[in-house]
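The values are calculated or read from the model by the stated rules, or taken from the named source; none is laboratory data. Keep in mind it's a predicted model, so treat the numbers as computed, not measured. Because the Cβ atoms are built from the backbone with ideal geometry, glycine has one as well, and the counts that use them run over all protein chains shown. SASA here: full protein model, heavy atoms, side chains in, ligands and nucleic acids out. Shrake-Rupley method; radii C 1.70, N 1.55, O 1.52, S 1.80 Å.
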Amino acid sequence: MADEATGYGPVFEEQPVETIYPEESPEDRITMNCRARASPPATYKWRKDNTEIDFSAEGSHYSLMGGNLVISSPVKEQHVGNYSCLAANAFGAVVSREASVQFGYLDLFSSEEREAVYVKEGQGAVLLCAPPPHYPAELSFRWILNEFPTFIPLDKRRFVSQITGNLYISKVDSSDSGNYSCIASSPSISKSVFSNYIPLVPLSERHNRKYPADLNVKFPDTTALVGQNITLECFALGNPVPDIMWKKVDGELPSNHEVRTAGAHLHLFNVQFEDSGTYKCEAVNSKGKDYHTARLSVEAFPEWVEHITNTEKDLGSDYTMSCVASGKPEPQIRWMKNGELLDRKEMSFRSLTFDDSGMYQCIAANRHGVIYANAELRVFACAPTFRHNPLKRVLAPRNGRVVIKCRPKGAPKPTFTWSKDTELLSNSTRVFIWEDGSLEILNVTRADEGRYTCFAENDRGKANSTGSLLVLESTKITLAPSSADVKAGENALMHCAASHDPSLDIAFIWSLDGHVIDLHTDSQHYERGTNGSSNGALLIKNAQLKHAGRYTCTAQTPIDNVAASAHLVVRGPPGAPGGVRVMNKTEKSVTLQWSRGNNHSPISKYTIQYRDAFSKGVWKNATTSPPDVEGNAEKATVVDLFPWTEYEFRVIAANTLGTGEPSSPSPKEKTLDAIPVVAPSNISGGGGTSRELTITWTPVQPQHYYGPNFGYIVAFRPYDNREWRKVMVADPLARSYIHKDLTFPPLTKFQVKVKAFNSKGEGPFSLAAVIYSAQDAPSEAPAGFDGKALSATEAFVWWLPLPQDSIDGYQVKFWRNHEESEGGAQTVTASNTDTSTRLEGMKPNSNYLIEVWGYNTAGFGPPSERLVIRTKKAPPSQPPRITSKRMKGHTINIAWENSQPQPDEAAIDGYKVLYRKQGSSQGKLYTTSRRSIDLPLPSEGNYMVEVRAHTEGGDGAVAQIQITGYKFHHLQFTGLLFTLVLFVRARSL
């Protein structure tokens, strides 16, 4: 083999990547890239599914452009598969990573009509997207309402699953009525398709029923890769609209999480192994809750820990190639040489031959992917040569040690001999020839100065090289640093001086506990002495606790170095205690143990702090037994804790110099459970539907649950009865219980009380409260129902009263006959003392159907007889036209003409004239049947006159005119007279 090979094997610069070819692509070709750097240049071959592609085959769609593979007029049945490129030259061959070719498509939605979805208002709805066949699997979804681009906004009530595409509405209301279409988009092929419209028809409900939360979208068990971003979905139907909360069952939610889309999406960014575990989403409303749990597993793509690199090895030497990869599952390693798979688990060579030269690849693979490492192994042999590495002059310290290196290039490995001047050297107590050819001399003296020659020889030839050795004075520490003891904030001076050979430069390097001090970046606390080049003193300014430790001064010249050390003690507030842990625990106490953190001053006391889930991250001082924890203690008992509550603890030490940093938090520990001691408060109730007893309370706060399986026991009895009835409510968030019993007379007087329970037992009852069962719904319809139209938009109705003790009020419902349905009626409520009301917002010249009924908490009674009222025609839409404004002394006459009313407008009965000061809404109102009016002229200021026609349907459009007070007119006249007099005088002159 040549002594120096100038070429090299192929090294990939571009490799094929996964390709998705859209079936509707206007570009009728697929290009797979492959390019390798090589000398001599590489030649290329391609494989499909591990079979070499024949470019010369008849009718082939394949061609080669440089190293790139071009597939012309791709055909799905022929060209889907896995492709790899092989680059080769005289030094060997390498195979690229495999990359697949797939054909991407997104079909149209089915053309079948979608059936309408009918949902009662207050209930939940799910509209199915049913996306069409597609590849790849990833689609994004949006929905439109009625027409493009009216996209449905996502909020707490509406959610679109990005997995199924379905639209979920937790609680339907009348505004949701319309036609819905699902848009499915494929980002890979940049195509979107629309589904046929799905009509959603909300059905009106007189009584809007409540429904407990019901999770309809639940995230599955999920596997994510390290470094990925993932999204978990949860959404619930229910009335009221549920709130969604996320938890990690086996720990805290990762810090890299974000909750979006009103709670329906949990995003985890840059997922790590510690994020794996069981995740829980809870949907809660006032009627109940639902939850779902699933597991997140985190795995990893293969990644090199150690891999092969280009290597030159001597002929006949031993060599082992090593590749180590991490990943989950653990990757399997395979080996290739010159593009061919080897049946070997490891690559170890004994006595390398020229045939072992070539291009090697190790391949690490698990189910998530494949990675390649490529390297060239070159086995060479040549006679020794010092051309690139001759011996040079070497400097050595007197009484020190020196190594003169001999590094010729040669293979097989040469044997070495040395001479000094003309004397052949051999191993002795002071002189050693190493196996690699280096010469070591100990306890160097001036007599060792001279010329040294290294001789190297193998079976291919021999060579030698000569250098010289010069002996200089060694370096010595003349003033070593002394240990010091300072308080935090004080200065400390560490001395250091050294003697050295005057022909050499010297440098002083300081380190603290083995770490070199950077005097430039930490100039705030460190400063070098300036008393000459042989003095390396170090000033430590404003010493802090972190500056304590072992300081080492190293005096260094180009030929040797010496060091001396001293300790600096900085006394300050105590360090953070370590290893805080819970030793034992009860329902209301824990015993903590820790190790002391000291800063060279005795600790005077410890403070213990805690935080729990209810502290919102704030640390609070704990109550301990004994109350004061002395400085020599290493454990204490924390008391007055809540049972069955998860706590973290930390310990802070203090001494005469101050208070130290807190310890790291202890592992979280939960106190033991206990019987509840807090009862629900604000016991109340009453009302509700007929034959019901509604009992309400304020729930117990979670910190008072004291144990698992928390709930409530509700007790009630009729006021004249001795026996209590008890019911168990298992939901800790429950605020009410409704007991239905058809034997209850209306408005029965009850005593009620509530207490809490958990797995450990029952707590105390609350104070008893007196409430009444529900009334019966009214049984009578209001009689004597009558009314009349007041105008085009208003009517007035009246009725005979019902007994006040049977109703809470009245409701009047009105709607336009023929034009409107009863479901779209307007309503007006009146108190139980009212027997009439005004109806507003009506349409002109329309027949209205009107009903009234009594209601109470149990419901509505029967409606009255239906009343028909026709509203008046609308007043004129055109305002009167003001024709003149004439002054008569201190009065002004305003005249107008009226526009003729339209056929559907009311006849004019007269006119209303509002006379007001400009800027004021108040004024004097006049009525007249004439088409003019005399108004008193104001003395000063600007006034507005507003004229409108009056009809039985109301007042028409307004005409306005502005008038000005007579003083202004008088000033105008006086000014004119004064001007006239001046003019006459001028003429006479």
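Can you give the Kirkwood hydrodynamic radius of the range 476-569 from its Cα pairs, in Å with one decimal?
Details: mean 1/r = 0.0746 Å⁻¹.
This gives a value of 13.4 Å.
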(request) Let me know the volume per residue of the alpha-carbon convex hull for the chain, in Å³. (result) 462 Å³
(message) Cut-off under 14 Å on the C-alpha distance; same-chain residues fewer than 8 positions from K45 excluded. Which aspartates and glutamates are left, in chain and number order?
(response) D54, E98, E340
(request) Divide by every residue of the chain the summed helix terms, -39500 (n - 2.57) for each DSSP H run of at least 4, and state the resulting mean residue ellipticity at 222 nm, rounded to the nearest 500 deg cm²/dmol. (result) -1000 deg cm²/dmol
(message) Give me, ordered by chain and number, the residues 5 or more places off N898 or on other chains with an amide H under 5 Å from its own placed amide H.
(response) R881
(message) Give me the one-decimal nm value for the distance between modelled label points at T278 and T928, 7 Å along each residue's Cα-to-Cβ direction.
(response) 8.9 nm
(message) Just to be sure I understand: if I project the alpha-carbon convex hull of the range 790-870 onto a plane and average over all orientations, what area do I get in nm²?
(response) 5.2 nm²
(request) Take the Cα coordinates of the range 24-100, assign each an equal point scatterer, and use the Debye formula without solvent to give log10 I(q)/I(0) at q = 0.12, 0.17, 0.24 Å⁻¹. (result) -0.34, -0.66, -1.19
(request) Measure off, as a whole percent, the carbon and sulfur share of the 1.4 Å-probe accessible area of the range 112-218, all protein chains present. (result) 49 percent
(request) Identify all lysines with a Cα-Cα distance to K409 below 25 Å; exclude those on the same chain that are fewer than 8 residues away in sequence. (result) K313, K392, K420, K462
(request) Show which aspartates and glutamates lie in cross-link reach of K191 when reach means a straight Cα distance below 15 angstrom and same-chain residues fewer than eight apart are skipped. (result) E23, E24, D107, E138
(request) Go through T31, Q902, N856 and say which Cα lies farthest out towards the positive end of the charge dipole of the chain; charges sit on Cβ, +1 for Lys and Arg, -1 for Asp and Glu. (result) Q902
(request) Please list, in chain and number order, the residues 5+ apart from I198 or on another chain whose amide H is under 5 Å from its amide H, with Hs placed from the backbone. (result) Y180, S181
(request) Could you work out how far apart the two model spin labels at I882 and T698 are, taking each label as a point 7 Å from the Cα in the direction of the beta carbon, and quote it in nm? (result) 6.2 nm
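Heavy atoms only, probe 1.4 Å: what % of the accessible area of the range 790-870 goes to carbon and sulfur, would you let me know? Write out the running numbers ahead of the final one.
On the way: 1760 of 3900 Å².
After summing per-atom areas, the C and S share lands at 45 percent.
Using DSSP to define loop residues, name the chymotrypsin sites (Phe, Trp or Tyr not before Pro) in the range 43-151 whose beta-carbon has at most 13 other beta-carbon atoms within 10 Å. All intermediate terms of the calculation are to be shown ahead of the outcome.
Numbers: sites: Y44, W46, F55, Y62, Y83, F91, F103, Y105, F109, Y118, F141, W143, F151; in loops: F55, F91, F109.
Sparse-neighbourhood loop chymotrypsin sites (Phe, Trp or Tyr not before Pro): F55.
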(request) Quick one: what are the phi-derived ³J(HN,Hα) couplings along the range 567-578, Karplus 6.51/-1.76/1.60 with θ = phi - 60°, whole Hz, x for glycine and proline? (result) 9, 10, 9, 10, 8, x, x, x, x, 5, x, x
(message) So in the chain, which Cys have no other cysteine's beta-carbon sitting under 4.7 angstrom from theirs?
(response) C382
(message) Restricting to Cα atoms and excluding each atom paired with itself, what does the Kirkwood estimate give for the range 512-556 in Å?
(response) 11.5 Å
(request) Compute the distance in nm between two label points, each set 7 Å from the Cα along the Cα-to-Cβ direction, one at K413 and one at D731. (result) 8.1 nm
(request) Report the Stokes-Einstein translational diffusion coefficient (µm² s⁻¹, integer) for the range 307-380, Rh taken as the Kirkwood radius over Cα pairs, at 25 °C with viscosity 0.890 mPa s. (result) 191 µm²/s
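To the nearest 0.05, what FRET efficiency results for S63 and E306 with a Förster distance of 45 Å applied to their C-beta separation?
Values: r = 40 Å, r/R0 = 0.89.
FRET efficiency, S63 to E306: 0.65.
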(message) Projecting each Cα onto the charge dipole of the range 639-770 (Lys/Arg +1, Asp/Glu -1 at the beta carbon, about the Cα centre), which of I652, S666, Y712 comes out farthest on the positive side?
(response) Y712
(message) Using only the Cα atoms of the range 402-511, what semi-axes does the equivalent ellipsoid have when each is the square root of 5 times a gyration tensor eigenvalue? Give whole Å, largest first.
(response) 44, 17, 12
(request) Determine how large the accessible area of T231 is when every protein chain is in place; take a 1.4 Å probe and give Å² rounded to the nearest 10. (result) 60 Å²
(message) Once each part is reduced to its C-alpha centroid, what is the distance from the range 833-861 to the range 409-434 in angstrom?
(response) 119 Å
(message) Run through the range 928-969 and list the GluC sites (Glu not before Pro) located in a DSSP loop whose Cβ has at most 12 other Cβ atoms within 10 Å.
(response) E940
(message) Need the C-alpha centroid separation for the range 9-30 versus the range 274-317, integer Å.
(response) 29 Å
(request) Output the pairs from K48/K76; K171/K287; K210/K280 with a Cα-Cα distance over 21 Å in this structure; if there are none, say none. (result) K210/K280
(message) Per residue of the range 914-928, what does 6.51 cos²θ - 1.76 cosθ + 1.60 with θ = phi - 60° give for ³J(HN,Hα)? Whole Hz please, x for Gly and Pro, Karplus curve as stated.
(response) 9, 10, 9, 6, 4, x, 10, 8, 8, x, 9, 9, 10, 10, 7
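Quote to one decimal, in nm, the extra length available between R451 and A895 on full extension: 0.36 nm per residue of separation minus the C-alpha distance between them. Write out the running numbers ahead of the final one.
Values: separation 444, 0.36 × 444 = 159.84 nm, distance 13.33 nm.
Computed gain between R451 and A895 is 146.5 nm.
On a 1.4 Å probe surface of the protein chains, which of M842, M245 comes out largest in accessible area, and what is the full order? The partial results should precede the final answer.
Values: M842 10, M245 85 Å².
Accessible-area ranking of M842, M245, largest first: M245, M842.
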(message) Using DSSP to call loops (not H, G, I, E or B), can you name the chymotrypsin sites (Phe, Trp or Tyr not before Pro) in the range 243-285 whose Cβ has at most 15 other Cβ atoms within 10 angstrom?
(response) F269
(request) For the chain, report the accessible area per residue in Å² (1.4 Å probe, heavy atoms, rounded to an integer). (result) 53 Å²
(message) Can you compute the FRET efficiency between D522 and D243 using 1/(1 + (r/R0)^6), with r the Cβ-Cβ distance and R0 = 60 Å? Round to the nearest 0.05.
(response) 0.70
(request) Measure out, as a whole number of angstrom, how far apart the alpha-carbon centroids of the range 437-499 and the range 804-825 sit. (result) 107 Å
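Largest first, how would K218, K635, K541 line up by accessible area (1.4 Å probe)? Can you show the working numbers first?
On the way: K218 105, K635 130, K541 50 Å².
Result of the area sort, largest leading: K635, K218, K541.
What does the net charge come to around P22 if you take all other residues with beta carbon closer than 15 Å to its beta carbon, with K and R at +1 and D and E at -1? Please report the intermediate quantities before stating the final value.
On the way: positive: R29, K76, K191; negative: E18, E23, E24, E27, D28, D107, E138.
Summing Lys/Arg as +1 and Asp/Glu as -1 gives -4.
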(request) Compute the Cα gyration tensor for the range 146-299, then decide on rounded, prolate or oblate, letting a ≥ b ≥ c be the square roots of its eigenvalues: rounded whenever a/c is under 1.5, prolate when a/b is larger than b/c in the other cases, and oblate in all that remain. (result) oblate
(message) My understanding is that a pair violates if its Cα-Cα distance is over 28 Å; which of K616/K670; K888/K924; K247/K620; K328/K670; K872/K912; K585/K620 do that in this structure?
(response) K328/K670
(request) Work out how much length K405 to E723 would gain on full extension: take 0.36 nm times their residue separation and subtract the Cα-Cα distance, in nm to one decimal. (result) 103.9 nm
(request) Determine ³J(HN,Hα), in whole Hz, for all residues of the range 208-217 in sequence, where each value follows from phi through the Karplus function 6.51 cos²θ - 1.76 cosθ + 1.60 and θ = phi - 60°; x replaces Gly and Pro. (result) 7, 6, 9, 10, x, 4, 9, 5, 9, 10
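Please compute the contact order of the chain in relative form: average sequence separation of alpha-carbon pairs under 8 Å and at least six residues apart, divided by the residue count, as a percent.
On the way: 2562 pairs, mean separation 45.6, N = 989.
The normalised contact order for the chain reaches 5 percent.
What size of dipole, in debye to the nearest 20, comes out for the chain about its Cα centre when the only charges are +1 on Lys and Arg C-beta atoms and -1 on Asp and Glu C-beta atoms? If you can, show how the numbers build up before the last one.
Working: 104 positive and 108 negative charges, 732 e Å.
Value, rounded to 20: 3520 debye.
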